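The values are calculated or read from the model by the stated rules, or taken from the named source; none is laboratory data. Remember, it's a predicted structure, so these values are computed and weren't measured experimentally. Here the Cβ positions follow ideal geometry from the backbone for every residue, glycine too, while neighbour counts run over all protein chains shown.
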Amino acid sequence: MSRKLLKKLFSVHKTKICKEIRFFNIRWTIWKYRYMIREIYRYQNFQKLSEKFKTVGISLPFEASVLIDDAEIVHVPLKVLRREWNGKLYRLEECSPFKYLQTKDKDVYANYIQKHIDLGILPADYDKSTTKFDTLIESMNENGYDPSKCVIILRRDNVLLDGQHRACVLLYKYGGDYTVTAIREKQFR
């Protein structure tokens, strides 16, 4: 009984932007201004980048909002792309999606998804089957890679921010010398 009463009298609700504390009927809101400003800046920059690339026929996925600096369209061979995982850089050939393409072993892909779940990157109830990836493979086999629909996004050091699965499919199909159109953060000069 006392626990239910305590829950009615006192509660804390947290979001990324604020924390709301309620004690009896009094509410306090604590705003996380630094986070808010960063997110507003990212969103505004994303809007500018979207307009810039729309003029050349490329639409940015929302994941591109992680690009805080200005970005440029580049053409890079797949063999120079890297994937960061737990602080280490890996070639695409070493990544689980590429290994799944080579072996067709569904356990390889399920383990890859489970690692993401364990680290909190994906929700606990995420589908571990290869269905989504197989659909992407089919789509790319039929339609090819179209950067105007879903472009690969790179950090300034050619580390993938978005598009690892697409890059792995292209690498499996065409090899490391295949040049892909991507968006990369501009290099400092």
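Numbers at a glance
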read-out	value
Residue check for ASP177: modelled with pLDDT of 90 or more and among the acidic types (Asp, Glu)	yes
Residue in the stretch 56-91 that is modelled with the highest pLDDT, counting only those that are in a loop (DSSP other than H, G, I, E, B) and closer than 14 Å to LEU161 by Cβ	LEU81
Sole residue being of a type in the set (D, E, K, R) and under 14 Å from CYS168 (Cα atoms), chosen from LYS88, LYS99	LYS99
Single residue of TYR109, TYR145 found to be within 28 Å of ARG184 (Cβ to Cβ), surrounded by 16 or more Cβ atoms within 10 Å (Cβ to Cβ) and in contact with a Phe, Trp or Tyr (Cβ under 6 Å, 6 or more places away or on another chain)	TYR109
Hits in the stretch 100-121 (condition: of a type in the set (D, E, K, R), closer than 21 Å to ARG166 by Cβ and assigned to a helix (DSSP H, G or I))	LYS106, LYS115
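Conditions (1) within 17 Å of the chain's Cα centre (by Cα); (2) surrounded by fewer than 18 Cβ atoms within 10 Å (Cβ to Cβ); (3) among the hydrophobic types (A, V, I, L, M, F, W, C); (4) part of a strand (DSSP E or B), marked per residue:
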{"position": "PHE133", "(1), (2), (3), (4)": "yes, no, yes, no"}
{"position": "ILE137", "(1), (2), (3), (4)": "no, no, yes, no"}
{"position": "ASP157", "(1), (2), (3), (4)": "yes, yes, no, no"}
{"position": "ALA182", "(1), (2), (3), (4)": "yes, no, yes, yes"}
